[in-house]
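Okay, structure first, notes after.
The values are calculated or read from the model by the stated rules, or taken from the named source; none is laboratory data. Computed from a predicted model, the values in this text were never measured in an experiment. Please note: Cβ atoms are built from the backbone with ideal geometry, for glycine as well, and neighbour counts cover all protein chains shown. All accessible areas refer to the heavy atoms of the entire protein, side chains included, with ligands and DNA or RNA removed. Shrake-Rupley method; radii C 1.70, N 1.55, O 1.52, S 1.80 Å.
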Amino acid sequence: MSFSREAILHLAHLARLSVENTGDDDSIQDDLNRIVTMVGQISAANTEGIEPMAHPLDTIQRLRLDIITETNEREILLALAPKTAAGLFLVPTVIE
Amino acid sequence: MHTKTIAELLKILDKGECSSEELTKIYLARIQKLDKTLNSFITITEEFALSAARIADEKRRKEDKAPLLGVPIAHKDIFCTQGIKTSCGSKMLDNFISPYDATIVTKLKEAGTILLGKTNMDEFAMGSSNETSFYGPVHNPWDPALVAGGSSGGSAAAVAANLTPAATGTDTGGSIRQPAALCGLTGLKPTYGRVSRYGMIAFASSLDQAGPLAKTAEDCALLLQAMAGVDIKDSTSIDNPVPNYNTMLNNSLEGLKIGLPKEFFGEGLHPEVEMAVQNALKTLEKMGAKVFDIELPNTKLAIPTYYVIAPAECSSNLSRYDGVRFGYRCDNPQNLEDLYKRSRGEGFGPEVKRRILIGTYVLSAGYFDAYYVQAQKVRKLITTDFINAFSKVDVILGPTTPSPAFNIGEKTKDPVSMYLCDIYTISVNLAGLPALSMPGGFVQQCPIGIQLIGNYFEEGKLLNIAHQFQQLTDWHQKTPLTFKE
Amino acid sequence: MNTSWETVIGLEVHVQLITKSKLFSGAATAFGAEPNSQACAIDLGLPGVLPVLNETALKMAIKFGLSIGASIAPKSVFARKNYFYPDLPKGYQISQYEFPIVSGGSLSFTLEDNTTKQIRITRAHLEEDAGKSLHEDFHGFSGIDLNRAGIPLLEIVSEPELRSAKEAVAYLKTLHALIRYLEISDGNMQEGSFRCDANVSVRPSHQTKLGTRAEIKNVNSFRFVERAINYEIERQIDILENGGTVIQETRLYDANKDETRSLRAKEQANDYRYFPDPDLLPIIVSADLIKEIRKTLPELPREKSERFERDYGLSAYDANVLTATKELADFFEQTVQASYQSEPKLCANWVMVDLLGALNKTNLDITESPISPERLGGLIRRIHDKTISGKIAKTIFEKLLCEKEDVDTIIEKQGLKQVTDTTAIEALIDEVIAKNPHQVADYKSGKDKLFGFFVGQVMKASQGKANPEQVNEILKHKLGP
């Protein structure tokens, strides 16, 4: 397995991550190839009939009662945002 | 005063030989003076600390019984602290002042601890040497040319240099145990779910677990006591009763069955590290423990498995950093896509980006089954190895790391060589087991760690063994010369 | 070439569940709050926060599953659907993918021609809603309101078994009634509590392989669903008949232009990278919990409709109309009660024809009816016991619409009581006969049709109050054979 430049750009697009002009562009292809070769070792394991394990603990989910526990903290939370107006978070215009 | 353990400090505070305010000032002064060479703190919370210390002194006069009243500690900068910058070692969160406290922050506050500051760490806890931090690498107090380990390198260096009596850390693949080993400390990664993850910034949710780094097993027991327990805000935290760890410390080791996995003693292990492990075994045998050879046949698959699962979870966990609601946002975004790509591209460092891309890859259409699903199956195999081992022995013992601390910059060029540092610690996270690293000797001037792995929820047994070991050894009492005075 | 085309429609309906708090946080869910005032740290996806599942939302999903005879998964799993959009705070939506809580089951509905159709439900799963992008101009920026982010949704997916826009609408109306009967959603379509995506394709009538489908997003009224689907069917047939191919794409219905248009140019290939959410363990549903929830199931529309036919002797059509909503069914039954069970069929007529007609004119819902079931039942009681005639009843009904008085008071005050005194009626008839000797002569010479004329005259003389049956009887007697 080896990543082409296009494959990396496709992944970077899915992850909305610019990898160009950020100083770490050159080595990324090499690094990813080395990592993927390393993780490829798992394909050799015989896992026939083995259940995938998503979680270390074999327990069940605890639920929450349907109660309102949160108060309006809008001013505190909006203060964390880079750009807001009229109680809204602002992003460059979303085009349909 | 600064070389004392928490257990000792509590006696001193109780007797009134020193106030919490005085103690806090001693540590703050040390941080001011000595951290320049270490870079172990990202934020020092002097004002918070002093006012909390005064309140603690006031409470002590009123006979408040909080178990850690007036004891200064430091938090890894991965834990959200209300009103205090919580950066996670990243440019992305350099401007993030958390509006809330993590559950363990609240619990340790309620136990009476005083927060000295937030410690340096690998960016988003992704690293084994603390070199991926936006705030620069942490230097090992035993030799500033060496790494302190990671990702909880700041916590480990700060405790080892006596800048704080203890600190919190998180462990996703060895991030508490490995820096504890490289800095000569006792560090505990509890069973997955023993400690709440709420407010602990997620790296890989099914692997992350918080725990203490301290000088002794006894101190780790005191801290874990305050940290452990079910949390309604974390539905993966476990509703098992928390035992009294302190009362378990002096249990006899007579008849203890220790398993020695042959896979932990193969190629790549530094011979002097191996010797230290053998010496530790002899000490434990003297106390009545019996040693058995065991097998963990899938150990070699732990690192590749981990580097599928952890990046997969991280790629999704880190999607929230998009420059919209908090954190870094690029200048003058041209459009929405530009906002996302540049905010994330500029806000994350190279290691984080590598892992996001790997994680995106292993989850993407066409590769999901071959990587993610296969990794989950191998995870099951690795876990089954441990379950089989624990049907024969009470605890598993081995080295924490293959070698002592390496030079800063030595492994940064090759990410895979860096990943191999966690070869003995990583399978524990995949299985969700508790494990502890305790000082077990030195290679030249560098401390090395002995790892104890326990069965689920057997933190008490690990602390018991380490405490007993520390009654017969003095590795844990060694202090780097530069930071003794 | 003259091909006949078959339409294939599958529907995905997003139902907002009426919980007090969100699916994974304790923030409030009220509609119309100030922007971002109901979006807490968890809804915003702040660093370090974790989701904890709302028990009531889970129970509602199970309740729905039981109501359609579906199987409830003993173990179901939440998965993350990963994509970037400003209204999606975490960069992923917590949904269910491989292991939904509800699978299988079916929904039956009656069409206009009284035939019944059953559609299988593929699955229903829980997921969190996204926020809203507001496109008012903030100088090149859009505003994001995350109040809706995290509100529990039940996504209900049908098999592609619907064959026309009319069937799709009938299915939707039945589903809409059901979720309101179950009291798991308010079903308010304007507020987005019941949203529909339609997958539409066409194929030559004898072909078994499905045609390429287009997905029409977020149509928010029954009327628009029908129009959008019909437009889409024509569009696709048009393409195919002209030798073109239909592209698989997402389309948006524009109600103003009454057309659908292509929406997705922005993302060529979606790769959502679903994987089990590591923050949420599997949900285990015990047999006991299912038993407990089954006990809370109300009488469902279909059961109610059958009972109405059986117990009240209504036609299938009437029973169907009256059980369209729980509120209407309750209104009808309360009316029957208030009428002392006298004439359920008469009650059905009054509710369906007179009351619904009047409400329609004033754009009121049955819950806003100015006439209570008690008053309407009272009116019907007086028809039944012959205190008033049906005609007078219509007059009183008009008064009931705008006055608060009860039926008996109106009858009393206005002297509308029916005349049933034989002597009084005889006197009226004698008067009419005396006044119309020609018509009497004509009638007697065989013009039977004139009988109606005499009835009318008598009723008029009594100002509509004479009992028509008595009038008939006495007239016949007096006019002779």
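Observations, loosely collected:
- Residues being under 18 Å from the mean Cα position of the chain (by Cα) and more than 29 Å from C:S21 (Cα to Cα) - total across the range C:199-226: 4
- Enumeration of residues in the range B:4-51 that are charged (D, E, K, R) and not in a helix (DSSP H, G or I): B:K4, B:E17
- Test: residue in the range B:46-69 that is away from chain C (no Cβ under 14 Å), closer than 22 Å to B:G229 by Cα and of a type in the set (G, A, S): yes
- Any hit, the range B:373-380, residues being in contact (Cβ under 8 Å) with a residue 40 or more places away in the chain, touching a Lys or Arg at 6+ places or on another chain (Cβ under 9 Å), within 14 Å of chain C (Cβ to nearest Cβ) and open to solvent by less than 30 Å² (accessible area, probe 1.4 Å): no
- Annotation note: of B:S206, B:S237, B:S196, the sole residue that is under 23 Å from B:F79 (Cα atoms) and touching a His at 6+ places or on another chain (Cβ under 7 Å) is B:S206.
- Every residue from the range C:197-251 that is open to solvent by 50 Å² or more (accessible area, probe 1.4 Å) and in a strand (DSSP E or B): C:K217, C:N218
- Output for the range B:335-368, where each listed residue is within 7 Å of another protein chain (Cβ to nearest Cβ) and touching a strand residue (DSSP E or B) at 6+ places or on another chain (Cβ under 8 Å): B:N335, B:L336, B:L339, B:L363
- For C:V336, the stated conditions do not hold, so it cannot be described as under 21 Å from C:T395 (Cα atoms), under 18 Å from the mean Cα position of the chain (by Cα) and assigned by TED's automatic domain parsing to the domain that holds C:D408.
- Any hit, the range B:297-311, residues being within 30 Å of A:P92 (Cβ to Cβ), open to solvent by less than 30 Å² (accessible area, probe 1.4 Å) and modelled with pLDDT of 95 or more: yes
- Test: C:F84 is among the hydrophobic types (A, V, I, L, M, F, W, C) and open to solvent by 10 Å² or more (accessible area, probe 1.4 Å): yes
- Some residue of the range B:249-260 being closer than 30 Å to B:S205 by Cβ and open to solvent by 10 Å² or more (accessible area, probe 1.4 Å): no
- From C:V407, C:V432, C:V440, residue being more than 30 Å from C:V351 (Cβ to Cβ) and touching a Leu at 6+ places or on another chain (Cβ under 8 Å): C:V440
- Tally of residues being surrounded by fewer than 16 Cβ atoms within 10 Å (Cβ to Cβ), modelled with pLDDT of 80 or more and outside any helix (DSSP H, G or I) across the range A:3-31: 1
- Residue match in the range C:65-79 (condition: part of a loop (DSSP other than H, G, I, E, B), hydroxyl-bearing (S, T, Y) and within 31 Å of the chain's Cα centre (by Cα)): no
- Hits in the range A:60-91 (condition: within 7 Å of another protein chain (Cβ to nearest Cβ) and surrounded by fewer than 16 Cβ atoms within 10 Å (Cβ to Cβ)): A:I60, A:L65, A:I67, A:T69, A:I76, A:A85, A:A86, A:G87
- Residue check for B:E263: within 27 Å of A:L57 (Cβ to Cβ), at pLDDT 95 or above, open to solvent by 10 Å² or more (accessible area, probe 1.4 Å) and in contact with a Pro (Cβ under 9 Å, 6 or more places away or on another chain): yes
- Considered as a group, the residues in the range C:136-158 that are part of a loop (DSSP other than H, G, I, E, B) and modelled with pLDDT of 95 or more include one that is surrounded by the most Cβ atoms within 10 Å (Cβ to Cβ), and that residue is C:G150.
- Listed by position, the helices (runs of 4 or more DSSP H) enclosed by the range B:355-435 that each have at least 3 residues that are at pLDDT 95 or above and more than 26 Å from B:A181 (Cβ to Cβ) are B:374-390.
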